[in-house]
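Beneath this line is the structure, given in structure tokens, with notes to follow.
Coordinate-derived values only; no laboratory data. Quick caveat: nothing in here was measured; it's all calculated off a predicted structure. Heads up, the Cβs are rebuilt from the backbone with ideal geometry, glycines too, and the neighbour counts pull from every protein chain shown.
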Amino acid sequence: MCAFVASCSDSYDSSIPNVRINFSCSLLQSPYYKIQTQGMFIPVTKDSHYLPLGYGGLIIGRSIYGDYIAYDAACPVEADRKVSVTVIEDGIGRATCPKCGTRYNLSGGGHPEEGGGTEYLKRYTVSVSGTTLKVTN
């Protein structure tokens with residue numbers, strides 16, 4: 001069995017409120033199989049019980065460097081659960097806020113690379129065991 005763990009410790013207070021996350025999925029099932037490809041990210045708004053995930057939804061994927069990453073989809077500029085960034089399917093891993101226009105680099109830790117935002121996307125802890133991906137905080 002192979003396990004891969006990626007995490008990031010926040011050294012700042014995010015403008016996105018803390019919301020409990022405990023999400024898991026099989027990397028063999030649709031649509032999650034897509035994120036086995038580096039540079040691919042997908043939005044996930046509800047868990048298997050149709051309950052909302054995160055503050056503004058969840059973005060999960062695999063960076064161009066090969067590590068699995070998860071972010072809250074809420075734009076930190078807007079800090080509103082109704083304003084979520086939109087994943088751009090470019091094979092690199094980017095997302096854009098439809099309201100403020102900030103573009104975030106998902107493969108690079110969720111940092112703003114264009115637009116008015118200065119704060120990173122809120123990041124969650126990801127672990128992979130076999131074909132099961134788990135997102136927690």
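For the chain, the number of Lys pairs with C-alpha atoms closer than 17 Å, counting only pairs eight or more positions apart or on separate chains, is 6.
Computed from backbone phi, the HN-Hα couplings of region 79-95 come to 6, 10, 5, 8, 10, 10, 5, 9, 6, 9, 7, 10, x, 10, x, 9, 9 Hz, rounded to whole numbers (Karplus: 6.51 cos²θ - 1.76 cosθ + 1.60, θ = phi - 60°; Gly and Pro given as x). In a simple Cβ point-charge model (Lys, Arg +1; Asp, Glu -1; nothing else charged), the chain has a dipole of about 340 debye relative to its Cα centre. Computed on the Cα trace of the chain, the radius of gyration divided by the Kirkwood hydrodynamic radius gives Rg/Rh = 0.93.
When you filter the trypsin sites (Lys or Arg not before Pro) in region 71-111 for DSSP loop state and at most 16 other Cβ atoms inside 10 Å of their Cβ, you are left with K82, K99.
Backbone amide hydrogens, once placed in the peptide plane, bring L106 within less than 5 Å of R94, A95, excluding anything fewer than 5 places away on its chain.
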